[in-house]
Structure formats: structure tokens, C-alpha cells
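Engineer: Quick one: structure below, then a few questions.
No lab work stands behind these numbers, since they all come straight from the coordinates. Keep in mind that this is a model prediction, so the values were computed, not measured. For neighbour counting, all protein chains shown are included, and Cβ atoms are generated from backbone atoms with ideal geometry for every residue, glycine included.
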Amino acid sequence: MGKQRTNVSIAIVGCGTVGGAVALRLTQDQSLLQERTGLDLQLKYIVDMDFRRAEALGLPPSLFEKNLDRVLADPEVSIVVELVGGTTVAKDIILKALHAGKHVVTANKALLAHTGPELLKIARKNRATLSFEASCGGGIPIIRALYDGLIANRIDALYGIVNGTCNYILTQMTQEGISYKEALKEAQQAGLAEADPTLDVSGMDTAHKLTILASLAFGQRFTLEAIPVEGIDTLQNLDIQYGNELGYIVKLLAVASRLNGGVCLRVRPAFISRQHPLAWVSGPFNAISVYGHATGHTMYYGRGAGGSPTSSAVVADIVSAALGIHRAFFQTLRIWPDRTPKAKQVSPDELVSRFYLRFMVTDTVGVLAKIASVLGKNNISIASVLQKEIPEDLAKPSIAPVVIITHKSREKNLRKALEKIRTLDVVREDPVCIHILDEHEENL
Ligand code: HSE
């Protein structure tokens with residue numbers, strides 16, 4: 001059989017870090033992509049308002065176009081790649097492209113987390129597809145794993161390190177013993193954190209990704225606003241160090257697990273055992289661990305950010321859209337959040353886990369008994385207690401850190417106990433509470 005080539009014309013909107021990398025991939029790797037896919041992928045337009053970056057990358061000026069409407073009116077263009085980011089202009093671009101009947105590929109996790117179902121519905125109405133592999137985990141094909149490779153499973157839990165900036169900062173704090181502020185500065189100097197890092201360090205970027213991942217994993221529609229989110233910006237070295245002494249590593253985790261007939265989503269820093277497979281995911285790397293009822297534990301690892309890794313995911317979506325593969329999944333599967341029921345999204349109140357607690361207390365007789373009494377009254381059993389030496393840099397005579405590891409306890413009870421302990425006169429600072437996340441139990 002002779003080799004038949006299908007010509008596919010593509011427009012990239014937004015030539016930033018990822019847009020530029022996708023443009024390079026499509027131009028420089030054209031023959032590799034042709035060999036592997038049989039497709040003749042033609043980058044026809046790069047749409048932006050400023051082409052300095054595109055010029056610096058050596059991309060041909062013949063591709064530069066400022067007028068999106070002209071691009072959308074070109075019948076040859078079948079795929080529009082939105083890489084502008086944000087939730088305002090990007091939304092208009094995607095809507096216009098879908099209304100023009102173009103397939104859309106995007107990496108925009110914030111927009112999808114806020115308005116994914118609406119956009120998917122509009123794509124369907126216009127007989128187009130919307131694909132978003134690059135929205136979570138950069139170059140890791142986790143979206144495909146969920147809608148394709150794992151489709152035979154009832155997913156019971158999903159745990160992810162999905163923010164490279166946070167993972168880099170936490171790794172530096174853990175390995176170098178530096179403060180959060182120093183680690184953030186280092187990350188910014190290394191180009192791994194934005195000048196305004198709020199979206200990353202507050203945990204919101206992780207929550208955006210969790211909304212998307214959980215929707216596909218559980219086949220339900222989740223609400224971003226209902227996810228309790230804690231970031232890494234209040235973590236202290238002292239706790240990372242004490243946790244380390246106890247065999248734990250701190251990670252910012254996106255977690256989704258079944259609870260009381262619903263699904264509990266949360267984003268927060270947690271201690272995991274040094275033996276946990278997610279513990280060795282360091283620096284800017286990401287990993288997502290998924291537990292299926294048939295597969296048991298699976299894990300997906302790779303670079304979660306950066307132009308080149310993310311371009312790999314974008315190009316995979318372009319190829320799937322061009323081959324019609326994505327259309328088949330998009331039209332038939334019942335896991336896309338515009339087609340699935342609203343999730344019963346339960347709060348973590350009823351979660352049962354172990355906790356690391358640190359109290360700064362006056363170093364006097366009977367302090368431990370007072371704290372233990374409140375914990376006991378709230379049904380929280382103590383597994384171990386460590387009274388640490390007063391760290392020299394704290395230099396507050398007669399205030400000592402007491403670290404308590406609890407047995408498995410109900411989160412609601414712990415919160416109640418902490419509220420009471422906070423008011424004790426012997427407790428001098430706000431208590432620190434970090435969850436200890438045990439490996440999900442497999443029932444194979
Ligand atoms: N700011 C994100 C991160 C970029 O650090 O992971 C990729 O979504």
C-alpha cells in the first residue's frame with residue numbers, strides 16, 4: 001500500500017514558553033512526526049500581539065499573524081492551539097475557535113477547572129473536540145492514561161505531585177535545610193517560579209489540576225471552589241527537619257479518594273514515608289499515583305512543566321485530533337465532565353489519618369498532661385511524643401517544641417482538639433498540624 005499523507009494545518013495562539021516550544025516541535029520535528037504518524041503537520045500561523053520571542057526562536061515571520069479572526073476564517077486550519085493562559089482572553093479565543101468548528105488543543109488548567117464542562121459542551125455542539133493533555137503534569141501523558149489506558153478501572157484514589165514550582169521549593173528546603181523564602185528566591189532565579197508565585201505556592205494551581213484529573217478519574221463533575229486548599233507558604237524548616245528525623249518527607253499533594261459514598265478532594269502539604277513511591281519525586285518533577293480496582297497501584301512520572309516537556313503533550317493532542325482518535329474518545333466515553341453527574345464532593349472532616357503535631361509550649365511541669373488530656377477527650381490517641389531541644393535560632397528561653405504523632409484519628413476531632421489546645425496558657429504559638437498520608441490500601 002502506498003504511503004498516503006494527510007495535510008493538517010495548525011494555528012498556535014500565544015507564543016510564550018510553551019507556544020514557542022510547540023512551534024519549534026512542529027517545524028523542526030516535522031519529518032519525525034511525519035514518519036511516526038503519517039501526518040503532514042503544517043504550522044500555518046502563530047498568532048500573538050508581540051513576536052519578539054518567536055523571532056528570537058528563529059521561527060519564520062511568514063507564520064506571524066495578529067488577526068485571530070483571519071486565522072479562524074481560513075478553512076484550511078483545522079486545529080487551533082490555545083497557549084495564552086489565564087481565564088479571560090483565553091476563554092474568548094477557545095470559544096471563537098470552537099464556534100468556527102476548529103478542534104481546540106489547550107494547556108489551560110485554570111480555565112478548564114473553572115469552566116471545563118461549559119467548553120466541552122460547546123465543542124460538542126460545534127462538532128469539534130477539545131483536548132487538554134498538557135493541562136496536567138506537563139509531559140506526563142496522565143490525561144490519556146485516565147481516559148484510555150485505565151478505562152477498565154473503577155478508580156479508588158489518585159495522589160499527585162502536580163506543581164513543579166512547589167516540589168522544587170520543598171525539595172530544596174528538605175535537602176539544603178534552607179527556609180521557604182530562600183528556596184522561593186532560588187526557584188525564581190532558576191526560572192522555576194514566577195515573579196508572582198501566588199498561584200503555585202498557594203496550592204491553587206494544584207487544585208486546578210486536581211479538578212481536571214479527578215473528573216476524568218471518577219467520571220464525575222467536581223467543583224473547584226469546594227476543594228479545601230492549603231499551600232506551602234507557611235511551612236517551617238523546623239517541621240521538615242523533625243519530620244525527616246521521623247522518616248517522613250513533606251510533599252504538596254493533590255488527593256482524591258472515595259469517602260462515605262462520595263469523593264473527597266483536597267490539596268495540602270502532607271508527610272509521606274520515605275519509602276512511599278512519591279517520596280523520591282524531587283525538584284521540578286511531577287508524579288501522579290492512581291489506584292484502580294483492577295490495576296492496583298500505578299504511577300506516572302516526568303517533568304511537569306517547561307516548554308519542551310509540555311510541547312510533547314500538546315503535539316500528542318494535535319496528532320490525536322488530526323487522526324480523529326480523540327474524536328472517538330470524546331464522542332463515546334461517559335467520563336467527560338459535561339456528560340457526567342455532579343459529584344458528591346465530601347469534606348475531609350470524616351477522613352481518618354495519622355497526624356504530626358507540633359506545639360511550642362512553656363517548658364514547665366504538667367504541660368504534656370494538659371495537651372494529652374484535650375487530645376484524649378477528643379478521641380485522639382497518641383502514638384509517640386518527642387520533646388525537642390529548644391532550637392538555638394529560636395532563642396526563646398523556656399519555650400520548647402513538643403512533637404506528637406497521633407494514631408489514626410478523625411480529622412474533625414483533631415480540628416476540635418486543636419481549637420481547644422490553642423487556648424491553653426502553656427501553648428505559646430499556633431499549633432502546627434501536618435497530615436501523614438499512608439499508602440493507599442490495595443484490595444486486589
Ligand atoms: N506553574 C506550574 C508548575 C506550571 O510549576 O508546575 C505547569 O503547570
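Engineer: Which residue fluctuates most in the GNM of the chain (Cα springs below 10 Å): A145, A107, A270?
Structural biologist: In this elastic network of the chain, the residue with the biggest mean-square fluctuation among A145, A107, A270 is A145.
Engineer: Helix 180-189 against the longest principal axis of the chain: what's the angle in degrees, Cα atoms only, rounded to the nearest 10?
Structural biologist: It is inclined by approximately 20 degrees.
Engineer: Over 5 Å intervals from 0, what percent of Cα-Cα pairs in region 345-444 sits in each interval?
Structural biologist: Result, from short to long distances: 2, 12, 23, 23, 16, 10, 7, 3, 2, 1, 0 percent.
Engineer: Follow-up. Quick one: which of K181/K251; K388/K416; K66/K102; K209/K408; K344/K412 span more than 21 angstrom between C-alpha atoms?
Structural biologist: Numbers: K181/K251 17 Å; K388/K416 25 Å; K66/K102 18 Å; K209/K408 28 Å; K344/K412 19 Å.
Checking Cα-Cα distances, K388/K416; K209/K408 exceed 21 Å.
Engineer: For a Förster distance of 56 Å, can you work out the FRET efficiency between the beta-carbons of E429 and K125, rounded to the nearest 0.05?
Structural biologist: On the way: r = 55 Å, r/R0 = 0.99.
The computed FRET efficiency comes out at 0.50.
Engineer: Right, another one. Please report the orientation-averaged projected area of the chain, defined via the convex hull of its C-alpha atoms, in nm². Mind showing how you got there, number by number?
Structural biologist: Working: hull surface 93.4 nm².
The Cα convex hull of the chain, projected and averaged over all directions, gives 23.4 nm².
Engineer: Only helical DSSP H runs with n ≥ 4 go in: add -39500 (n - 2.57) per run for the chain, normalise by residue count and round the 222 nm mean residue ellipticity to 500 deg cm²/dmol.
Structural biologist: Details: 15 runs with 157 residues, N = 444.
The helix-only estimate for the chain comes to -10500 deg cm²/dmol at 222 nm.
Engineer: Between E389 and Q34, how many nm apart are label points set 7 Å from Cα along the C-beta direction?
Structural biologist: Once both label points are built, they end up 6.9 nm from each other.
Engineer: Between E186 and I325, with labels modelled 7 Å along Cα→Cβ, what's the label distance in nm to one decimal, could you check?
Structural biologist: Roughly 3.9 nm, to one decimal.
Engineer: Hey, another quick one. When we measure straight from the Cα of K125, which aspartates and glutamates land under 14 angstrom away, once same-chain ones fewer than 8 places off are left out?
Structural biologist: Filter leaves D338.
Engineer: Rounded, prolate or oblate for region 7-135? Axes are the square roots of the Cα gyration tensor eigenvalues, ordered a ≥ b ≥ c, and the cut-off for rounded is a/c under 1.5. Numbers along the way, then the final one.
Structural biologist: On the way: a/c = 1.57, a/b = 1.32, b/c = 1.19.
It comes out prolate by the Cα gyration axes.
Engineer: D for region 202-279, whole µm²/s, Stokes-Einstein with Kirkwood Rh over alpha-carbon pairs at 10 °C and 1.306 mPa s: what number?
Structural biologist: Working: Rh = 13.5 Å.
The calculation lands on 117 µm²/s.
Engineer: Compute the distance in nm between two label points, each set 7 Å from the Cα along the Cα-to-Cβ direction, one at S62 and one at Q275.
Structural biologist: Inter-label distance under the simple model: 6.2 nm.
Engineer: Next question. When the chain is fully extended, how far beyond the present Cα-Cα distance does T295 get from E350, taking 0.36 nm per residue of separation? Don't skip to the answer; put the middle values down first.
Structural biologist: Values: separation 55, 0.36 × 55 = 19.80 nm, distance 2.68 nm.
Separation in residues times 0.36 nm, less the Cα-Cα distance, equals 17.1 nm.
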